[in-house]
Amino acid sequence: MAASSLIPTNFHSSPTFSPLPSFSRFPNRKLITFPLSKSISLHKSPSPTSSPILSLLHHKTQKRSLIPYKTYCPPCLHKRLLTTKNPFSPALDSLLILCTSVALALSLFIADVDPASAFVVTPPRKLQSDELATVQLFQENTPSVVYITNLAARQDAFTLDVFEVPQGSGSGFVWDKGGHIVTNYHVIRGASDLRVTLADQSTFDAKVVGFDQDKDVAVLHVDAPKDKLRPIPIGVSADLLVGQKVFAIGNPFGLDHTLTTGVISGLRREISSAATGRPIQDVIQTDAAINPGNSGGPLLDSTGSLIGINTAIYSPSGASSGVGFSIPVDTVNGIVDQLVRFGKVTRPVLGIKFAPDQSVEQLGVSGVLVLDAPANGPAGKAGLLPTKRDAYGRLILGDIITSVNGKKVSNGSDLYRILDQCKVGDKVTVEVLRGDQKEKIPVVLEPKADET
């Protein structure tokens, strides 16, 4: 069909057949052209010199006579045709036309030109400079982003066989060539086994190196070849500005390597850890779309450097509502370093359990009410009193912490914020309200107990 559509019924006089244009779809293919000394007309017989074959017949023929005969062209022409006495001339003309048609058809098949696009020249796609920058950023950082599958052990109720089923998924990114993968703690929480899928779709079993529940950070390790691991560039989050463009790469709803863009909507936000309720300070707020499955993925600046870990969204429906939160990379950097080196984070604690903030507000006081202070903990050793009941079952309130090192404590978030600025072994002065009296008690901070 492609060949027949390119060969007209009438051949008009022209010097040569023009070569077909070079199409952008097949830039390296060369079309085969067939130059002709003179095109053939169906309206009159060709001259002896118009074709090499007819010329040869002319030299062999001693006499040439023209015999008119009555035949008619199509109705539009109304001319009489003349033909030679040689009975082979019409057959030779038809044979030459047929050969030309076949040659043109073969040239199209050899060039593999699609009939629908044979005369459509598609110009190269032109992108704006900002689009090119975004495409380049995605292509360079996608190999650093991984897909994490959380597997849980389940037992069949009838056969009692134990098998693994996926109970969740999330994102992560390559931290170094040693095979360390960084993600959120809630992505791996409750997993019996973990699997990490790299950008080339190769899958590896992962082991937990360590995690920090309070900051929702976890580090995994995979035994993958170094040539498959591309660490993500680490940036700085201390100098970020509201309005700065950011990019989020992750696997929302299981759709691998999805890019969303936005800006920094706010800085120094505070959210609570999903595992412990402990506040996470200096969180980055962004309007880049973050959905379930994006957790643990990187938040990048316009240079492609890591500035945060996508960890949470504020949404009544559970889908993206334009308010997402990322843990700043300056916080993550210190946590990951401790997890890789020691397998845990040595964070100082007072060693107490305190009442919810709403309970203290009902008492009409401001501070943190101590519910329990184990005798072997820092606060118990220092002499802080817990809440208890007397012999008659009446509730006796414990100490209410009002300040630490002179910094006011109004609720549990204030206490955590102050302790995050301290180190293990520091001696702090805790001011408490005991009954109607205020007392200052020195306490030596100790590391948080190991978590399993």
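Some notes on this structure:
- Residue within the range 403-414 that is open to solvent by less than 30 Å² (accessible area, probe 1.4 Å), under 21 Å from LYS388 (Cβ atoms) and within 45 Å of the chain's Cα centre (by Cα) present: yes
- Residue in the range 404-426 that is hydrophobic (A, V, I, L, M, F, W, C) and either part of a strand (DSSP E or B) or over 28 Å from ARG268 (Cα atoms) (or both) present: yes
- Selected residue (only one of GLY324, GLY277, GLY293 is under 14 Å from the mean Cα position of the chain (by Cα) and not β-branched (Val, Ile, Thr)): GLY293
- Qualifying positions in the range 159-175 - open to solvent by 10 Å² or more (accessible area, probe 1.4 Å) and modelled with pLDDT of 90 or more: TRP175
- Counting only residues that are within 16 Å of THR183 (Cα to Cα) and either in contact with a strand residue (DSSP E or B) (Cβ under 6 Å, 6 or more places away or on another chain) or of a type outside the set (A, V, I, L, M, F, W, C) (or both), the range 212-263 holds 24 of them.
- Residue check for LYS440: within 51 Å of the chain's Cα centre (by Cα) and among the charged types (D, E, K, R): no
The values are calculated or read from the model by the stated rules, or taken from the named source; none is laboratory data. Computed from a prediction, not measured in an experiment: that's the story for all the values here. Ideal geometry is used to build each Cβ from the backbone, glycine not excepted, and the neighbour counts take in all protein chains shown. The area values use the complete protein model at the heavy-atom level, side chains included, leaving out ligands, DNA and RNA. Shrake-Rupley method; radii C 1.70, N 1.55, O 1.52, S 1.80 Å.
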